[in-house]
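Asker: Could you have a look at this structure, given as structure tokens, before my questions?
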Amino acid sequence: MNNFSILKDLAKKLDEEVVILVSDLDNIPKDSIERDLINEGINYKIEVKSSLDEGIEFVKSYSPDLLVLTKEKIDPLEHIFHHTYCEKILEEFESTNILALQEDTDTLKNGLIYVSKDHSTVDFIKSSKYFADRVLENYKFIYSFYEDFYEKRLVKTHTEGEAKQIIAEMFREHVDTVRSLIAKAVGEEKTELLVIKGDPKKEIPYYARKNNYDLLIFNRGVEDINSFIENSETSIGIFLDQTK
């Protein structure tokens, strides 16, 4: 229920119908929820399903534009042996835009959109920007150059000086490629790109948490997506690579 205020905000800003899927009406304040939705002029339905499997089948048949989930907090050690309810749901919906909200958050204001040089698409950037423009107060694009990955390979066949020169050239080329990809998606509009270094699946989630971003958005086709999800300690948006 901590995420309910975000759900209402999304419905109004995106001007969409909300379907609230629950397993047991006894565990939610149904009257209060309906009163809030009606008072704020939100078009809604409440669906009650008796099991997780039944709920999953309903979502698949409904085919929502955006599936909103609560992302449970879990101890890192426990996470090694146990996947969360949210992660189990994510595995079922690889062709759906998903917003997984950190369970203790009630607002989305500041966001990061991760753009991968090799795995992000123009359609992904367009759809994530469309969402961010309507939902967030501030957002930035971000890219991480995995310098150590290239350095460990180059030092095997090049001198240290040659390796550093090649890596510097690669860095410029990779950043230019990402900027070009973003430019194709947003046109002439000037956008800010944050550039950091390190393994993206570790450094991007860490940067988001360290700098108090509410939401990290990345695309379904990003490399090692499960690690991105597990490493993220903020709310996450997983958007399709192609416009739905």
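Asker: Spot the failing condition for residue 165; the list is (1) in a loop (DSSP other than H, G, I, E, B); (2) surrounded by fewer than 15 Cβ atoms within 10 Å (Cβ to Cβ), and only one is missed.
Answerer: (1)
Asker: Check residue 195 against each of (1) exposed (fewer than 15 other Cβ atoms within 10 Å of the Cβ); (2) without any contact (Cβ under 8 Å) to a residue 12 or more places away in the chain and name the one condition it does not meet.
Answerer: With respect to (1) exposed (fewer than 15 other Cβ atoms within 10 Å of the Cβ); (2) without any contact (Cβ under 8 Å) to a residue 12 or more places away in the chain, residue 195 is out only on (2).
Asker: Right, here's the next one. Within the range 178-205, which residues are under 14 Å from residue 146 (Cβ atoms) and not small (Gly, Ala, Ser)? Give the derivation first.
Answerer: First pass over the range 178-205, keeping only residues under 14 Å from residue 146 (Cβ atoms): 178, 195-204.
178, 195, 196, 197, 199, 200, 201, 202, 203, 204, listed by residue number.
Asker: For the range 222-244, how many residues are surrounded by fewer than 17 Cβ atoms within 10 Å (Cβ to Cβ) and either touching a His at 6+ places or on another chain (Cβ under 6 Å) or more than 21 Å from residue 182 (Cβ to Cβ) (or both)?
Answerer: Within the range 222-244, the first condition is being surrounded by fewer than 17 Cβ atoms within 10 Å (Cβ to Cβ), and the residues that meet it are 223-224, 226-227, 233, 241-244.
Still in the running and either touching a His at 6+ places or on another chain (Cβ under 6 Å) or more than 21 Å from residue 182 (Cβ to Cβ) (or both): 223-224, 226-227, 233.
Matching residues across the range 222-244 total 5.
Asker: Are any residues in the range 29-65 within 21 Å of residue 91 (Cβ to Cβ), aliphatic (A, V, I, L, M) and open to solvent by 50 Å² or more (accessible area, probe 1.4 Å), and if so, which ones?
Answerer: 52
Asker: Shifting gears a bit: Could you identify the single residue in 108, 99, 181, 112 that is assigned to a loop (DSSP other than H, G, I, E, B) and of a type in the set (A, V, I, L, M, F, W, C)?
Answerer: Working: 99 fails: assigned to a loop (DSSP other than H, G, I, E, B); 181 fails: assigned to a loop (DSSP other than H, G, I, E, B); 112 fails: assigned to a loop (DSSP other than H, G, I, E, B).
Being assigned to a loop (DSSP other than H, G, I, E, B) and of a type in the set (A, V, I, L, M, F, W, C) holds for just one of 108, 99, 181, 112, which is 108.
Asker: Now for a separate question. List pairs: first in the range 97-125 and more than 27 Å from residue 62 (Cβ to Cβ) and open to solvent by less than 50 Å² (accessible area, probe 1.4 Å), second assigned to a strand (DSSP E or B) and of a type in the set (D, E, K, R), Cβ under 8 Å, 6+ apart or cross-chain?
Answerer: 112/140
Asker: Name every residue in the range 34-78 that is in a loop (DSSP other than H, G, I, E, B), free of Cβ contacts under 8 Å to residues at least 24 places away in the same chain and among the aliphatic types (A, V, I, L, M), in order of residue number.
Answerer: Correct list: 74 only.
The values are calculated or read from the model by the stated rules, or taken from the named source; none is laboratory data. As the structure is a prediction and not an experimental result, all values here were calculated from the model. Here the Cβ is made from the backbone with ideal geometry for all residues, glycine too, and neighbour counts use every protein chain on show. Side chains included, ligands, DNA and RNA excluded: accessible areas come from the protein's heavy atoms. Shrake-Rupley method; radii C 1.70, N 1.55, O 1.52, S 1.80 Å.
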